[in-house]
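One structure below.
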Amino acid sequence: MTESTARPGRRWLLGVAAVVAVLLVAAGAVVATRLASRSTPAPGPVAGPATPTPSASAPAPVTTSPTPPPGADLTGPLNLLIVGVDTRVTVPGWEPHADAVLVMHVEAGLKRAYLFSLPRDLVVDIPAYPKSGYPGGRTKLTHAMSYGSRVPGDKKHPSTAQGYELLSTTVSRYTGLRIDAGAVLTFFGFDRLVDALGGVDLYVDQRVASIHRRPDGQYRPHTAGGYVGPQMVYEKGTRHLNGWQARDYARQRYIAGGDYARQRHQQQLIRALVGKILDQGLARDPGRVEQVVAALGNTLVYAGGGRRLVDFAYALGGLPADGLVLVGLPGDSVTAGGSYRGEQLLPVARQFFAAVRGDRTEPFLKTHPTLRVRT
């Protein structure tokens, strides 16, 4: 049974596409290494009797200014939008949904970054988008991707790039942050990424029983009464997870803490992957970086706002291992007439956005320590 046919209801795709930003960091170090090797002068001839001595009247060698590295002008601050989407390509007419929306704010100097999530069901104002014919409206954030992806006259081939554009505009207006670049990673791309890295070691901070998977990795049958059969269970403690396990664990929201706990698990998984990449020395191995990127194939869509991926890769290459701070923004549900309408963030989230815009993120978190996500 495939993921798209495992259940008739909507999917809750693992929202950890921010690992794409991790790849940018690793790739940045590789780019730096390559450029450094190219700028190293070739060894001169070995001195010996036949080596001529330059005359005093010989013209001085012409020197040229070194070519600046890619993205040398990207000094921060930067805001990267990372999106995890459920494309469900096997379902005719299905539009991509943003099942995970994460923002990574990198401070000026590019030595510290803050990663936070926006709930997929966050009630927001989505602006009109003429490219897709969407008139605008107030609804859940996840719909910005699907409404923007519509191609007039072509229901079979939605545009993920268009969907990202509308989602990016929506996020920017909601947070007040300029979005400099971003990426979209599909459902299948995450599995490939984790497996290409050889799995990941993660501290599971609470017992999580999967509603989707059996212990052997197969999907649980779905009946009129819900899912049935044995469940994969992730017990509290440090665990080594492969691709499907990592995605399955971090996609579960019917647990203590609900969707906000799921956001925390997604961010913890990202941080674990950062450690994995650095511990393996991946950033110093161009071959491994290329292998991982190749594994993603067309499951990755990059949006650079006119800048090349290599520019951001090089700029982020100097981010230290302990420079990624996880931030959890609290919220609660929105109801109308007794019916669930979506999610809203508490006022402290708006204060956090203002602090980020004013370059006061760290001082703000020191006065609001409960916003830091800890393992």
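The values are calculated or read from the model by the stated rules, or taken from the named source; none is laboratory data. Remember, predicted model here, so these are calculated numbers, not experimental data. Note that we place each Cβ from the backbone using ideal geometry, even for glycine, and neighbour counts take in every protein chain shown.
Side notes on the structure shown:
- Selection from the stretch 143-158 of residues that are within 15 Å of Gly84 (Cβ to Cβ) and crowded, with 24+ Cβ neighbours inside 10 Å: Ala144, Met145, Ser149
- The criterion of being small (Gly, Ala, Ser), closer than 20 Å to His97 by Cα and surrounded by fewer than 20 Cβ atoms within 10 Å (Cβ to Cβ) holds for Ala161.
- Residue that is surrounded by the fewest Cβ atoms within 10 Å (Cβ to Cβ) [pool: residues in the stretch 326-369 that are in contact (Cβ under 8 Å) with a residue 24 or more places away in the chain, of a type in the set (Val, Ile, Thr) and under 16 Å from Tyr260 (Cβ atoms)]: Val334
- Subset of the stretch 180-204 that is over 30 Å from Gly305 (Cα atoms) and surrounded by 17 or more Cβ atoms within 10 Å (Cβ to Cβ) - its residue that is modelled with the highest pLDDT: Val204
- Options Ala256, Ala246; residue that is surrounded by 12 or more Cβ atoms within 10 Å (Cβ to Cβ), among the small types (Gly, Ala, Ser) and under 23 Å from Leu115 (Cα atoms): Ala246
- Within the stretch 205-216, the set of residues being part of a loop (DSSP other than H, G, I, E, B) and surrounded by 12 or more Cβ atoms within 10 Å (Cβ to Cβ) comprises Asp205, Gln206, Arg207, Ser210, Ile211, His212, Arg214.
- Screening Val194 with (1) under 27 Å from Leu78 (Cα atoms); (2) within 19 Å of the chain's Cα centre (by Cα); (3) not in a helix (DSSP H, G or I) gives one miss only, at (3).
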